[in-house]
Amino acid sequence: MTKTISRLATLLATALLATACENDNINPYDYAGSDNGAGTEQGSTDVVKTALAEYPKGSIVWTRDTTLTESVEIAKGASLYIEPGVTVTCKSEVQVPVEIVVLGNLYCMGTAEKPVVFTSDTKKPADWGGIICGYNSQEVVLSHVDLAYAGATPTESSPSFQNKLYKTSVEDGLPAFFFCNTNGSFVMTGCFFHDNYNDQTYLSGGQAVIYDNILADSGNAANGGEGINIKAGCKMDVANNLLYNICTNGFKLSNAGNSESVPLSQFVAYNNTIVDCGWRRSKNKKGGSVWLEKAIAPTFVGNLIYDCRFGMKQPAKNGGDIAHSVIAPNYYFASTETGVKQMSRDADMAVWSDLDIKSATAGDKDPLFNDFKQNPKMNINCEIDDPEKGAPLPFDRSWNFNLKANSPAMTGAPTDIQRLFPNGIAFIGMKKVIFANTADDQNYRFCAPAPVARFGAKL
């Protein structure tokens, strides 16, 4: 069973939808008929007022920590706002894995000091499903969100399956975040996604800016798992992100699923850092750092790839549209001879450019991170999630992947990249929020940073 925000739409459609509701309970379903639920209890029939802000008419607002034992479904046309510092804990010992299915709009308004947290009670990968957005989802803001332990496999009773989202089977686990509306928009900024069992993101449509995020420790040896996985219908600027220990690829870029109604993707990625990716993929050998397929023609330059299993690759058939891509220069470092070989011109399915900067021998051109501990037992082809067998060490938030002042990667990245959204993307639902204190005000327009001459990210 799924008690969801669609229940709110049903209960209040005729009488209360013109008012607003604030969830101020541990139970997110007590919207009406309680002292803490209905909008009329907030002193206004037009807007929701909390200690932080005033929200638009008809909004649902979560202000306190919430434990979910069932999936949440945000109905088409409805908007859920989650205030800074709120923790959403998903119970794992349930018959149907908890999912957050967004058929309407979602605004996670975390801050660096007070992120919005999605976690589980036992803190194990695949404890819950993920944030799964629908074909009519117009706006999703993930600002300073910590999201972990997602990736559970849905059942036929799961709302993602019932709404025919992601995949039409229940064989594979869910991505931590899924977006599919080619006419919708989303932003990911300042987020920390980690310990998710499958893809961190799976994106099959939408306008987006993705920047200043950390995606770490994801995927599984049997089925893999990508960091940023895009299909047809996407238009995205992706910059200044760190991707660490992603099971398959940091970036999987494809125009799969394109048709007359779904445009080919436009994708611009620059100044990203990809570290220790592709280690655990045992199903096949395609994983490592960047995978291009099915006529994708990205701009992918100024990125730093460090000790990943392979360099940029594409399948022997049905690969990327290399002629119309801009895929160099990027900076590739390998600390082992095996890594050097697997990033070479002669590597199987390699996408090569003489403009790239690459290690000629093990340890050559070390980009000099400020503080990073590589596994001393490192085995770039270990194919098992066990540091004792050579897999990457678990991500440590104290590590500093910024470059030292004398790094050879500090200069040489192109700065003339044309962003798809040089003025950013405006989110109308955020614009309508009126903050009580101007010091707490949050932007409604999000823009990826301008490209810089440094290879990789600075976080």
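The values are calculated or read from the model by the stated rules, or taken from the named source; none is laboratory data. All values derive from a computational prediction rather than experimental measurement. Positions of Cβ are generated from backbone atoms using ideal geometry, with glycine treated the same way; all protein chains shown enter the neighbour counts. What goes into the accessible areas is simple: the full protein's heavy atoms, side chains included, and nothing from ligands, DNA or RNA. Shrake-Rupley method; radii C 1.70, N 1.55, O 1.52, S 1.80 Å.
For the range 132-154 versus the range 171-246, the spacing of their alpha-carbon centroids is 9 Å.
Straightening the chain between Leu264 and Asp371 buys 34.6 nm, computed as 0.36 nm per residue apart minus the Cα-Cα spacing.
Mean sequence separation of contacting Cα pairs (under 8 Å, at least six apart), scaled by the length of the range 316-361, corresponds to a relative contact order of 45 percent. Charge dipole (Cα centre; +1 on Lys/Arg Cβ, -1 on Asp/Glu Cβ; no other charges) of the chain amounts to roughly 1020 debye. Dipole magnitude for the range 282-383: about 360 debye, using +1 per Lys or Arg Cβ and -1 per Asp or Glu Cβ, origin at the Cα centre. Largest first, the residues Tyr211, Tyr81 sort by 1.4 Å accessible area into Tyr211, Tyr81.
Across the range 143-264, the mean sequence separation of Cα contacts (distance under 8 Å, 6 or more residues apart), normalised by length, yields a relative contact order of 22 percent.
For Ala112 and Asn406, the difference between the fully extended length at 0.36 nm per residue and the C-alpha to C-alpha distance is 102.9 nm. Counting protein heavy atoms only, the chain has 47 percent of its accessible area on carbon and sulfur, 1.4 angstrom probe.
Residues in the range 86-123 near a label at Asn163, defined as backbone nitrogen under 13 Å from the 7 Å Cα→Cβ point? Hits in the range 86-123 for Asn163 at 13 Å: 99-107. Note on exposure: Arg309, Arg454, Arg64 ranked by accessible area (1.4 Å probe, complete protein assembly) read Arg64, Arg454, Arg309, with the most exposed listed first.
Residue ranges 434-442, 193-201 sort as 193-201, 434-442 when ordered by packing (mean number of other C-beta atoms within 10 Å per residue, highest first). Note on the chain: along the principal axes its Cα atoms extend 69, 47, 43 Å, ordered by decreasing extent. Computed packing ranks the peptides 362-371, 137-146 as 137-146, 362-371, most packed first, by mean other Cβ atoms within 10 Å. The mean accessible area for residues of the chain, using a 1.4 Å probe and ignoring ligands and nucleic acids, is 39 Å² per residue.
Computed from the Kirkwood radius of its Cα pairs, the Stokes-Einstein diffusion coefficient for the range 148-192 at 37 °C and 0.692 mPa s stands at 273 µm²/s.
Dipole orientation for the chain: of the candidates Ser158, Ala450, Asn198, Ala450 has the Cα lying most toward the positive pole (charges on Cβ; Lys, Arg +1; Asp, Glu -1).
Estimated from the Cβ-Cβ distance and a Förster radius of 22 angstrom, the FRET efficiency linking Glu93 and Glu156 is about 0.65. Note: relative contact order over the chain, using C-alpha pairs below 8 Å and six or more positions apart, is 10 percent. Each pair of Cα atoms in the range 101-247 enters the Kirkwood radius, and Stokes-Einstein at 25 °C and 0.890 mPa s then converts it into a translational diffusion coefficient of 165 µm²/s. When the surface is traced with a 1.4 Å probe over the full set of protein chains, Val433 keeps roughly 10 Å² accessible. Of the residues Leu420, Leu80, Leu459, ranked by 1.4 Å probe accessible area with the largest first, the sequence reads Leu459, Leu420, Leu80.
Annotation: peptides 264-273, 158-167, 180-189, ranked by per-residue average of other Cβ atoms within 10 Å with the highest first, follow the order 264-273, 180-189, 158-167.
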